[in-house]
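So the structure is just underneath, and the comments pick up after that.
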Amino acid sequence: MALFGFSPVLFWFLAGIVFLALELLLPGLIVFFFGLGAWSTALVLYLLPMSLANQLLVFLVSSLLFLVLLRSFVKKIFLGRTLEVDAMDQGGLLQGTGEVIEDILPPAYGKVKYGGSFWQARADQPLSRGTTVRILEKNNLTVKVGPLAAEGEQ
């Protein structure tokens, strides 16, 4: 039986391509497995002619099997892994300097610019806009800063 002038094998193969293309547009890594199911159906249909009801059953079963058995494995490959250690905690930030862009008047927070990013900042003493500061400590998205030249330094 030809559907839209295509053989059923070609139809399932093209449906698999459509599902894989849809995965690029939809989040969740689910539609990908429907593409694999469609390709499985095309392969089974190529080897063994069957009715449309059986084709749909093969498509459904193979898609669900791929989803259940391979999703966690494929997700690790395509979505990557998360970095357990905060890159900012490796000392790079604590050696840097920044510029106050919003006055810091303790206990209120201000803002500093460091490395092209803006950070909420706190300090032990008032710091005015334009002051160059040393980054002393980081706590989540807040940094503690102090004046670049400490008492007695020049």
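Every number in this text was worked out from the coordinates using simple rules, so none of it is lab data. No experiment lies behind these values; they were computed from the predicted model shown. Every residue, glycine as well, gets a Cβ built from its backbone with ideal geometry; the counts of neighbours run over all protein chains shown.
Any chance you could list P(r) for the range 8-79, counting all Cα-Cα pairs in 5 angstrom bins from zero, rounded to whole %?
With 5 Å bins starting at 0, P(r) equals 4, 19, 27, 23, 15, 8, 4, 0.
Please list 97-105, 62-70 highest first by mean number of surrounding beta-carbon atoms within 10 Å per residue.
My ranking of the peptides, most packed first, is 97-105, 62-70.
Looking at the P(r) of the range 87-147, how many percent of alpha-carbon pairs lie beyond 12 Å?
On the way: 1083 of 1830 pairs.
Every Cα pair in the range 87-147 considered, those over 12 Å come to 59 percent.
Report, in whole Å, the centroid distance computed from the Cα atoms of the range 122-143 and the range 54-68.
Value for the Cα centre distance between the two parts: 58 Å.
From Cα pairs below 8 angstrom and at least 6 apart in sequence, can you work out the relative contact order of the range 1-45, rounded to a whole percent?
The normalised contact order for the range 1-45 reaches 44 percent.
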